[in-house]
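I have placed the structure first, in the form of C-alpha cells, so that the comments after it can refer back to it.
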Amino acid sequence: MREIRSYMPLENERASFAYNEVKNLYNRMQETQKKEFKSWSQKFPSMIINCGLIQTVSYYEDNKGKEICNILEKWLKKKNYINKNDKLLSALVNINDPKKLRLITLETIKFSTWVKRFASIFYEEFK
C-alpha cells in the first residue's frame, strides 16, 4: 500500500509562512511601525533585483527593515538554504558558490513578494 504524505506545493508553503509571520508581526506593532513595514516590504523585491541580495540585506539590516530580514532568515533556515546557527547577512556573505547564491536570491524574491502582498493586506485590515 502506498504511503500518503502531506504535500503542500512550495508556492503555497511560501504564502502560508509569509502570512503567519506578517500577521504575527502586525499584531505586535504600533500604527507607525505597520506603515513603515509596509513601505519597506514594498521596496524589498525590486531592491534585490536592482542592487543584489547581499547589498539589499545589508542595507535593510542597517536601517528600519530588520523585521523583513528576520522573516527572511526564518524562511531560509526552514528551507535549509542557510545554517540554523548563522545570521542572515554573514551566511550570505560566506557563500562561495555563485549558483547557490543565485538560487537563494530567486527564492528570496519569490518569498518576499508574498511578504509584500500580506503587508499591504494586513495594513488595510489592521488600520
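Residues are listed down the side, and each one gets a yes or a no for (1) without any contact (Cβ under 8 Å) to a residue 60 or more places away in the chain; (2) surrounded by fewer than 13 Cβ atoms within 10 Å (Cβ to Cβ); (3) farther than 17 Å from Arg14 by Cβ:
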residue: Gln30; (1), (2), (3): yes, yes, yes
residue: Ser39; (1), (2), (3): yes, no, yes
residue: Glu61; (1), (2), (3): yes, no, yes
residue: Gly65; (1), (2), (3): yes, no, yes
residue: Ile68; (1), (2), (3): yes, no, no
residue: Leu72; (1), (2), (3): yes, no, no
residue: Ser90; (1), (2), (3): yes, yes, yes
residue: Ile95; (1), (2), (3): yes, no, yes
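Please work out if Lys35 is surrounded by 13 or more Cβ atoms within 10 Å (Cβ to Cβ), out of contact with any Ser or Thr (no Cβ under 7 Å at 6 or more places or on another chain), more than 22 Å from Glu11 (Cα to Cα) and touching a residue at least 60 places away in the same chain (Cβ under 8 Å).
Yes.
Is it fair to say Lys23 is surrounded by fewer than 16 Cβ atoms within 10 Å (Cβ to Cβ) and either outside any helix (DSSP H, G or I) or in contact with a Pro (Cβ under 9 Å, 6 or more places away or on another chain) (or both)? So Lys23 does not fit the description; no. Here Leu101 meets the list (1) surrounded by 12 or more Cβ atoms within 10 Å (Cβ to Cβ); (2) under 21 Å from Ala119 (Cα atoms); (3) touching a residue at least 24 places away in the same chain (Cβ under 8 Å); (4) not basic (Lys, Arg) almost entirely, failing just condition (2).
Sort through Leu76, Leu92 and tell me the only one that's within 22 Å of Ala119 (Cα to Cα) and at pLDDT 95 or above. Can you show your working first?
Numbers: Leu92 fails: within 22 Å of Ala119 (Cα to Cα).
None of the others qualify; the one that does is Leu76.
Could you say whether any residue in segment 42-57 is under 19 Å from Tyr123 (Cβ atoms), under 14 Å from the mean Cα position of the chain (by Cα) and surrounded by 20 or more Cβ atoms within 10 Å (Cβ to Cβ)? Checked segment 42-57: at least one residue is under 19 Å from Tyr123 (Cβ atoms), under 14 Å from the mean Cα position of the chain (by Cα) and surrounded by 20 or more Cβ atoms within 10 Å (Cβ to Cβ). Residues in segment 74-88 that are in contact (Cβ under 8 Å) with a residue 12 or more places away in the chain and surrounded by 15 or more Cβ atoms within 10 Å (Cβ to Cβ) were compared, and the one that is nearest to Tyr19 (Cα to Cα) is Trp75.
None of Ile71, Ile48 is in a helix (DSSP H, G or I), within 15 Å of Arg117 (Cα to Cα), among the β-branched types (Val, Ile, Thr) and at pLDDT 95 or above except Ile71. Among the residues of segment 61-70, are any more than 22 Å from Lys35 (Cα to Cα) and touching a helix residue (DSSP H, G or I) at 6+ places or on another chain (Cβ under 6 Å)? Scanning segment 61-70, I find no residue that is more than 22 Å from Lys35 (Cα to Cα) and touching a helix residue (DSSP H, G or I) at 6+ places or on another chain (Cβ under 6 Å), so the answer is no. Answer with yes or no whether Glu61 is under 19 Å from Trp75 (Cβ atoms), assigned to a helix (DSSP H, G or I), among the acidic types (Asp, Glu) and modelled with pLDDT under 95. For Glu61, the condition - under 19 Å from Trp75 (Cβ atoms), assigned to a helix (DSSP H, G or I), among the acidic types (Asp, Glu) and modelled with pLDDT under 95 - is met.
Yes or no: segment 67-76 includes at least one residue that is at negative phi and more than 12 Å from the chain's Cα centre (by Cα).
Start the filter on segment 67-76 by keeping residues that are at negative phi, which leaves 67-76.
Narrowing the set further to residues that are more than 12 Å from the chain's Cα centre (by Cα) leaves none.
Checked against the condition, which is being at negative phi and more than 12 Å from the chain's Cα centre (by Cα), segment 67-76 yields no hits at all.
Examine segment 8-17 for a residue that is surrounded by 20 or more Cβ atoms within 10 Å (Cβ to Cβ), touching a residue at least 12 places away in the same chain (Cβ under 8 Å) and part of a helix (DSSP H, G or I), and state whether such a residue exists. Scanning segment 8-17 turns up at least one residue that is surrounded by 20 or more Cβ atoms within 10 Å (Cβ to Cβ), touching a residue at least 12 places away in the same chain (Cβ under 8 Å) and part of a helix (DSSP H, G or I).
The values are calculated or read from the model by the stated rules, or taken from the named source; none is laboratory data. What you are looking at is a predicted structure, and each value in this text was computed from that prediction instead of being measured. Methodologically, a virtual Cβ is constructed for each residue, glycine included, from the backbone with ideal geometry; neighbour enumeration extends over all protein chains shown.
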